[in-house]
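To start, the structure under review is shown below, and the notes come after it.
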Amino acid sequence: MMKNCGAVEILLVEDNQADEELALRALKKGKIANTIFVVRDGAEALDFLFCKGEYRDRDTLLRPKVILLDLKLPKIDGLEVLRQIRNSELTRLIPVVVLTSSREERDIVESYRLGVNSFIVKPVEFDKFVEAVKNLGWYWLLLNQPPH
């Protein structure tokens, strides 16, 4: 059964229910993005982006404006998702923001090596988290000029 997912402004790839809810609340509080789609593991993110599996009928031309990507994901980790995004003509130019609790230097270095646009460590305090998500939403959805 294909999920309904027309035009998506933000693709949130997050397996932690609490972090997902915080991100969604932060985006709503900041009045960012009318259309947010959530996937909960790396395999589902790739299926969504490349129109495979339950997303096989999705229009490949309807790409998200930005992907918020956690690194610690089940099935396929976030670094591998990022690698596949950057290796495809279909998705290469979509801005990807890693939004993770990882402060490991190797994750930061590898993310940038693979072509991430930004790496943000999730703040623990809700107010700081709201501010970080609001700022990245404003930047990537309203200020950034994507290639056409």
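No value in this document is a laboratory result; all are computed from the given coordinates. All figures in this text were calculated on a predicted structure; none of them were measured in a lab. Positions of Cβ are generated from backbone atoms using ideal geometry, with glycine treated the same way; all protein chains shown enter the neighbour counts.
Binning all Cα-Cα separations of region 76-136 at 5 Å, short to long from zero, yields these whole-percent fractions: 4, 18, 27, 21, 17, 10, 3, 1. Amide hydrogen proximity for Ser118: with H placed 1.01 Å from N in the peptide plane, the residues at 5 or more positions away or on another chain lying under 5 Å are Val96, Val98.
Among the listed pairs Lys31/Lys128; Lys31/Lys52; Lys31/Lys122; Lys52/Lys134; Lys31/Lys65, give every one whose C-alpha distance is greater than 25 Å. Intermediate results must be reported in sequence, preceding the final value.
Working: Lys31/Lys128 16 Å; Lys31/Lys52 31 Å; Lys31/Lys122 19 Å; Lys52/Lys134 31 Å; Lys31/Lys65 16 Å.
Result: Lys31/Lys52; Lys52/Lys134 exceed 25 Å.
Mind telling me which of Asn117, Asn34, Asn135 comes out most flexible in a GNM of the chain, alpha-carbon contacts under 10 Å? Greatest mean-square fluctuation among the candidates belongs to Asn34.
Site pair Glu21 and Ser118 shows an inter-label distance of 2.6 nm when each label is modelled 7 Å from Cα along Cα→Cβ.
With the charge dipole of the chain set up from +1 on Lys and Arg Cβ and -1 on Asp and Glu Cβ about the Cα centre, the Cα lying farthest toward the positive end among the listed residues Asn34, Val121, Asn87 is that of Asn34.
How long is the gain from Val109 to Asn87 if the chain were fully straight, where each residue apart is worth 0.36 nm and the alpha carbon distance is subtracted?
Numbers: separation 22, 0.36 × 22 = 7.92 nm, distance 1.78 nm.
Full-extension gain reported as 6.1 nm.
Remark: the chain carries a charge dipole of roughly 400 debye about the Cα centre, counting +1 on each Lys and Arg Cβ and -1 on each Asp and Glu Cβ.
All C-alpha to C-alpha distances of the chain, sorted into 5 Å bins beginning at zero, yield P(r) values of 2, 10, 20, 25, 23, 14, 5, 1, 0 percent in whole numbers. The 3J(HN,Hα) values that the Karplus relation (6.51, -1.76, 1.60; θ = phi - 60°) gives for region 58-74 are, in residue order, 6, 6, 5, 7, 8, 9, x, 6, 7, 10, 9, 10, 7, 8, 8, 10, x Hz. Gly and Pro appear as x.
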